[in-house]
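Beneath this line is the structure, given in structure tokens, with notes to follow.
The values are calculated or read from the model by the stated rules, or taken from the named source; none is laboratory data. This is a predicted model, so every value here is computed, not measured. Counting neighbours? That spans all protein chains shown, and the Cβs are built from the backbone with ideal geometry, glycine included. Please note that ligands, DNA and RNA were not included when accessible areas were found on the heavy atoms of the full protein model with its side chains. Shrake-Rupley method; radii C 1.70, N 1.55, O 1.52, S 1.80 Å.
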Amino acid sequence: MTDSTGNGGREYDPDTEHNFPDNRLNAVLEEITTDPEISTYLEAQNVNAVARKGYNDHGPKHIEIVRNRALCLYDLLKGGDVACNGAADQGLEEADEPVIIALAATLHDIGHVVHRDGHVYYSIPLAADLLDRLIPQLGFYDTESTVRLKAEVLHAILCHHTEEDPLTTEAGIIRVADALDMERGRSRIPYEKGGRGINTLSSQAIENVSLRTGDGKPVLVEIEMVNAAGVYQVDNLLKEKLEDSGLEEHVRIVAVNTRSEDQLVERIEL
């Protein structure tokens, strides 16, 4: 996947050529997408978020989207010669960079099973327990590399919200990818239940998000809006996640209002 234009930068394809060594990542993806404990967590974390609090989706579909877009974002950055420092600082290998990203993307929201409020801090101990079981059984890591890989995954999980700034490229990727799940499908359940808050309405206004090779920057994020409410997703939520992510100089974001009858906001560029 030297360029993510084939699928709009929406889905990681393990069978495509990438800008990084992908053998470990592909083994990890097979493991985490079939693990029954992880699958149950992803289902259970949506209860507090959606059923009880009325927020947008934070369950299996959200995780799938964030993980896919994180890996597409990572691939484009690697294609643009953007260095990752998380694995490297720990003495790990380049092949471990996408493993950190995939694991963090998968487990970043499991703290919702405890409570929506402060969920990122609850995610840390829950993810740590899962990683203690999961990483050794992958067969790639001894005790030392397990601890170091786990440390980087937990850092990326912690920094997916904006209270703590990412200290690694891998963590910055998770933070931005989390905000890239903004299309209307994410707010379907609260919208159908009558929810009309700004998060729901602005998500309903986003038609499509794609990641491509940029002109002058490694990544171009293109967002199609159908009305001006989508501005909130772009200029508030995504902009906030991009700031201090470490990726500001590498990612260009363009949002366009595609409905000619509603041109209050025609175009936003970050």
Rank Glu11, Glu37 by accessible area, highest first, at a 1.4 Å probe radius?
-> Glu11, Glu37
Karplus (6.51, -1.76, 1.60) ³J(HN,Hα), θ = phi - 60°, over the range 101-106, in Hz, Gly and Pro reported as x | 5, 5, 5, 5, 4, 6
Which residues' amide hydrogens lie under 5 Å from the amide hydrogen of Ile253, considering only partners 5 or more residues apart or on another chain, with H built in the peptide plane?
-> Val221, Leu270
Under 1.5 on a/c is rounded, so check that first for the range 1-73, then, if it is not, pick prolate when a/b is larger than b/c and oblate when it is not; a ≥ b ≥ c are the square roots of the alpha carbon gyration tensor eigenvalues.
-> oblate
Which of Leu92, Leu71, His119, positive extreme of dipole for the chain (C-beta unit charges) = His119
Result for the range 1-156: accessible area per residue, probe 1.4 angstrom, in square angstrom, of 41 Å²
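Which entries of Lys53/Lys241; Lys217/Lys241; Lys150/Lys241; Lys217/Lys239; Lys150/Lys217 show an alpha-carbon separation above 26 angstrom in the structure shown? Each step should come with its number before you reach the end.
Values: Lys53/Lys241 22 Å; Lys217/Lys241 18 Å; Lys150/Lys241 23 Å; Lys217/Lys239 17 Å; Lys150/Lys217 31 Å.
Beyond 26 Å between Cα atoms: Lys150/Lys217.
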Charge dipole magnitude, Cβ of K and R +1, D and E -1 - the chain, Cα centre, debye nearest 20 = 1060 debye
Sorted by chain and number, the residues with a modelled amide H under 5 Å from that of Gly214, at a separation of 5 or more or across chains, are Val219, Leu220
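Please give the direction-averaged projected area of the C-alpha convex hull for the range 65-156, in square nanometres with one decimal. Could you put the intermediate results ahead of the total?
Numbers: hull surface 24.6 nm².
The number I arrive at for the range 65-156 is 6.2 nm².
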Taking the Cα centre of the range 77-117 as origin and charging only Cβ (+1 Lys, Arg; -1 Asp, Glu), how large is the dipole, in debye to the nearest 20?
-> 200 debye
For the chain, what value does the Rg/Rh ratio take when both radii are computed over Cα atoms and Rh is the Kirkwood radius, given to two decimals?
-> 0.96
Quick one: which residues, 5 or more positions from Asn208 or on another chain, have an amide H under 5 Å from its amide H? H modelled 1.01 Å from N in the peptide plane, none for Pro or chain starts.
-> Glu224
